[in-house]
Amino acid sequence: MILSLRFAICDYSKNAIFAISLLAITFSSLFAQNETPPEPGSPRAITVPKITETKLPNGLKIIVVERKNVPLVSVNLMINSGASRESKKLAGLTDMTASLLTKGTKTRTATQIAEQTEFLGSGLGSGANWNTTNIGFQSTSDKVNEMMAIMADVVLNPTFPQSEIDLYKTQLLDNLTQRMTQPGSLASFAATRYTFGEHSVIGTPETISEIKLNNLLVRFKDLFAPYNSTVILTGDISLNAAFTIVKQYFGKWKNPLNMQNNGDTIGISKLSYEQYRKSKIATPILNRILIIDLPNSGQSAVTYSRRMRIDEAGWKYKTNAERDSATYFSASVANSLLGGGYSSRMNQEIRIKRGLSYGAGSSISWRWDGGNFSTRCQTKTVSAAEVAELTIKEIDRLINESATDAELTPRKNVVTGDFGRSFETNGGISGQIQDLLTFGLDFNKLDSFAADTSKVTAEQVKDFALFNLKGGDIIIVGDYNDFKDDLAKRFPNQKIDVIKATELDLNSDTLRKAK
C-alpha cells in the first residue's frame, strides 16, 4: 500500500482524486491499527546500589554510594533545614543565603571561584527548597579533592559582599517582575499563599527588597552547622577516600553552642478513622474559586490546589509523611493516574480528547506535616472555565470510581520506572538519598519501593483521593471577561472571588493589597 501511495502521489496531476482517496484510506488503516495500544511490558528489575555511611566527631554525616563504571563523582552537602524556617516577612532569605555562598570568601572573590571551578571542569551550585538547603558539584574523580577545597571555603568562610548582594537582588527582582506577568507563575505563587498557607521559597519583590546583610549573616549562622548536615558522595569514590577528604576540609567545622532540632513537629488528629471518613464523604470537592484577573493575557492558567495535612486521621500513619505506611505509595499511584504523565486521565481528557491544552498534569510536594497537591493546565482564555470543570470531574472520578487493573498497572509501572531511572545517574541516586534523609526514613525503603508500589489497590487510590483531595481551591489566572459568563454557568452555586492582578499582594493571606 505504501508503494501504491508513492505512485499515486507521483501521478498526482493525472489522478489527483485517486491519490487523495488512497491517502485517506492509508492513514485510516494506520490509525485503525493503533486504536488499541499494546499491552505494557513487565517492569524491569530495579537494582538499588549499596549505601554506606559514617560520621565525623562533629556530627557531620557522610554517605557514600560507590560506582566504578564512570570516573565521575557527585557531591552534595545537604542541610536538613530550608525555607520553612524563615519568616514570611523575609521570604527568600534562605535561598538567597545559600546562593550567595559562592559569591565571595575571605580568600576568593566570586570571579575567582567561578574561574577556578571552571578550570576544574566543574561548578558549584547552591540554593534552598522548602525542606532543605544544598550546595554541591559534580567533577571527575581526580578533581574531587580540589573541588572539595573550594566548596569547604564557601561554606565555612563566606563574606557576602554588598556588591554581590545588590547584583543578586537586581537580577532576582527582574526575574520576579517578569514572572508576575505570566499566568502559570502567578497561579503557582497564589496557591502557595492562598491554599497552602506558605510563602515563596524565592521570595517576592517586597520581601527581597527588605533583606539586608545582617539578615544573611544571622541566617547563615543559624542554618549551617555540621550536626544538621550530611555530605552525600556518589560515583567513583570509596567510603574510606570520602571520609579522608571530608575530614580534611570539614573536620574542624564547629557546631553552635545551643543546638536546636530543625525538624518540624507532628500533630495527630483526635478524630477516629470512622469519624473522619464520614466527614470527608460529606465534604464537597471544591472549596473556593479564586480568579486573578489579568487583562489581555491571551492564555489562562488553571490549577486545583489542596493542602494535605498529616494530622488528618485518614492518613493512617505514625510519625510523618512517611513511606512506612501505604499512604505515600497510594498517593504516588493516585497522582500518576490523575495527572502524572502523557497517558494520565487529565492529559487524556483535556489535551488528547479535547485539544484544550498542550498538557495537563498534577503533582505532590511533600512536607513533614503532609504535602501540597496541585494540578496544572494552561489553556486558551475562553476555555478556562471548561478546563476547571473537567479538572473537578476527574478528581471526582478518582474518588468515586475504581480504576481497572488495565489502567492501574501501567500507572504503577510509570511510578516504578521513574524511580528506577533515578539510579542511572549519580545525581539521581543522591536525590533519592536526600529524600529519605529529609523525612528521617531508613535506606531500606529504597529496596522495597517497587514491591510497595505494586501492592497499591484501586480502593487505596480511592481512599487517598477521598481523604486528601476534597475541599481544595480552583485558581484561574487570565482575562476574566473572556470566561466570566461560562464560569458562572458551569459553577452556578459557587462564590467566585476576583482579584485584579494590579491589586494582588502575594505577601498577604488574602492576596489583596491593603486599602
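The values are calculated or read from the model by the stated rules, or taken from the named source; none is laboratory data. Keep in mind that what you see is a predicted model, and the values were worked out from it rather than measured. Because the Cβ atoms are built from the backbone with ideal geometry, glycine has one as well, and the counts that use them run over all protein chains shown. These accessible areas exclude ligands, DNA and RNA; they are computed on the full protein's heavy atoms, side chains included. Shrake-Rupley method; radii C 1.70, N 1.55, O 1.52, S 1.80 Å.
Just checking, which of Ser74, Ser99 is assigned to a strand (DSSP E or B), under 22 Å from the mean Cα position of the chain (by Cα), more than 25 Å from Gly370 (Cα to Cα) and of a type in the set (S, T, N, Q)?
One residue alone meets the criteria, Ser74.
Just the residues that are over 15 Å from Tyr304 (Cβ atoms), free of Cβ contacts under 8 Å to residues at least 40 places away in the same chain and either open to solvent by less than 20 Å² (accessible area, probe 1.4 Å) or in contact with a strand residue (DSSP E or B) (Cβ under 8 Å, 6 or more places away or on another chain) (or both), please, taken from segment 329-355.
Arg351
Provide a single number: the residues in segment 413-448 that are within 30 Å of Glu349 (Cβ to Cβ) and over 19 Å from the mean Cα position of the chain (by Cα).
Count: 1.
Suppose we filter segment 199-222 for residues that are part of a loop (DSSP other than H, G, I, E, B) and either surrounded by 17 or more Cβ atoms within 10 Å (Cβ to Cβ) or among the small types (Gly, Ala, Ser) (or both); how many remain?
7
Okay, residues lined up against (1) open to solvent by less than 60 Å² (accessible area, probe 1.4 Å); (2) of a type in the set (S, T, N, Q):
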residue	(1), (2)
Gly428	yes, no
Asn444	no, yes
Asp452	yes, no
Leu466	yes, no
Lys495	no, no
Ala501	yes, no
Thr510	no, yes
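Does any residue of segment 368-382 turn out to be open to solvent by 10 Å² or more (accessible area, probe 1.4 Å) and farther than 26 Å from Gln182 by Cα?
Yes: one or more hits.
Considering only residues that are in contact with a helix residue (DSSP H, G or I) (Cβ under 6 Å, 6 or more places away or on another chain) and within 27 Å of Ala514 (Cβ to Cβ), look in segment 469-493 and name the one that is most open to solvent (accessible area, probe 1.4 Å).
Asp479
Of the conditions (1) hydroxyl-bearing (Ser, Thr, Tyr); (2) touching a residue at least 60 places away in the same chain (Cβ under 8 Å); (3) closer than 26 Å to Asn426 by Cβ, Thr244 satisfies every one except a single condition; which number is it?
Going through (1) hydroxyl-bearing (Ser, Thr, Tyr); (2) touching a residue at least 60 places away in the same chain (Cβ under 8 Å); (3) closer than 26 Å to Asn426 by Cβ one by one, Thr244 breaks only (2).
Cβ-Cβ under 7 Å, sequence separation 6+ or interchain: first residue in segment 54-68 and free of Cβ contacts under 8 Å to residues at least 60 places away in the same chain, partner in a loop (DSSP other than H, G, I, E, B) and of a type in the set (Phe, Trp, Tyr). Which pairs?
Every condition considered, no pair remains.
Need the failing condition index for Ala301 against (1) of a type in the set (Gly, Ala, Ser); (2) assigned to a helix (DSSP H, G or I); (3) modelled with pLDDT of 95 or more, just the number.
With respect to (1) of a type in the set (Gly, Ala, Ser); (2) assigned to a helix (DSSP H, G or I); (3) modelled with pLDDT of 95 or more, Ala301 is out only on (2).
Out of the helices (runs of 4 or more DSSP H) lying entirely within segment 417-515, which hold 1 or more residues that are within 29 Å of Ser139 (Cβ to Cβ) and hydroxyl-bearing (Ser, Thr, Tyr)? Talk me through it step by step, then tell me what you get.
Working: elements: 426-438, 444-447, 449-454, 458-468, 480-490.
Hits in segment 417-515: 426-438.
When the residues of segment 304-337 are filtered to those that are of a type in the set (Lys, Arg) and over 23 Å from the mean Cα position of the chain (by Cα), which remaining residue is modelled with the highest pLDDT? Even if it seems obvious, please write down each step before you answer.
The first filter runs over segment 304-337 and keeps only residues of a type in the set (Lys, Arg), leaving 306-307, 309, 316, 318, 323.
From what is left, the residues that are over 23 Å from the mean Cα position of the chain (by Cα) are 316, 318.
Numbers: Lys316: 46, Lys318: 38.
Among residues in segment 304-337 that are of a type in the set (Lys, Arg) and over 23 Å from the mean Cα position of the chain (by Cα), the one modelled with the highest pLDDT is Lys316.
Looking at Thr132, Thr159, Thr140, Thr181, which is the one that is out of contact with any strand residue (DSSP E or B) (no Cβ under 8 Å at 6 or more places or on another chain) and either among the β-branched types (Val, Ile, Thr) or within 28 Å of Arg85 (Cβ to Cβ) (or both)?
Working: Thr132 fails: out of contact with any strand residue (DSSP E or B) (no Cβ under 8 Å at 6 or more places or on another chain); Thr159 fails: out of contact with any strand residue (DSSP E or B) (no Cβ under 8 Å at 6 or more places or on another chain); Thr140 fails: out of contact with any strand residue (DSSP E or B) (no Cβ under 8 Å at 6 or more places or on another chain).
Exactly one of Thr132, Thr159, Thr140, Thr181 is out of contact with any strand residue (DSSP E or B) (no Cβ under 8 Å at 6 or more places or on another chain) and either among the β-branched types (Val, Ile, Thr) or within 28 Å of Arg85 (Cβ to Cβ) (or both), namely Thr181.
If we keep just the residues of segment 485-514 that are polar (S, T, N, Q) and under 23 Å from Ile392 (Cα atoms), which is modelled with the lowest pLDDT?
In this case the residue turns out to be Asn493.
What are the residues in segment 67-82 that are touching a strand residue (DSSP E or B) at 6+ places or on another chain (Cβ under 8 Å) and over 21 Å from Leu441 (Cα atoms), if any?
Of everything in segment 67-82, those that are touching a strand residue (DSSP E or B) at 6+ places or on another chain (Cβ under 8 Å) and over 21 Å from Leu441 (Cα atoms) turn out to be Arg67, Val70, Pro71, Leu72, Val73, Ser74.
Between residues in segment 454-465 that are closer than 16 Å to Lys278 by Cα and touching a residue at least 60 places away in the same chain (Cβ under 8 Å) and residues that are surrounded by 15 or more Cβ atoms within 10 Å (Cβ to Cβ) and small (Gly, Ala, Ser), which pairs lie under 8 Å by C-beta distance while being six or more apart or on different chains?
As it stands, the answer is Asp463/Gly314; Asp463/Ser330; Phe464/Ser330; Phe464/Ala331; Phe464/Ala334; Ala465/Ala334, since those pairs meet every condition given.
So how many residues does segment 94-141 have that are more than 27 Å from Glu210 (Cα to Cα) and in contact with a Lys or Arg (Cβ under 6 Å, 6 or more places away or on another chain)?
1
If you go through segment 166-174 one residue at a time, do you hit one that is assigned to a loop (DSSP other than H, G, I, E, B) and either of a type outside the set (Gly, Ala, Ser) or open to solvent by 30 Å² or more (accessible area, probe 1.4 Å) (or both)? Give the derivation first.
Filtering segment 166-174 down to residues assigned to a loop (DSSP other than H, G, I, E, B) leaves none.
No: segment 166-174 contains no residue that is assigned to a loop (DSSP other than H, G, I, E, B) and either of a type outside the set (Gly, Ala, Ser) or open to solvent by 30 Å² or more (accessible area, probe 1.4 Å) (or both).
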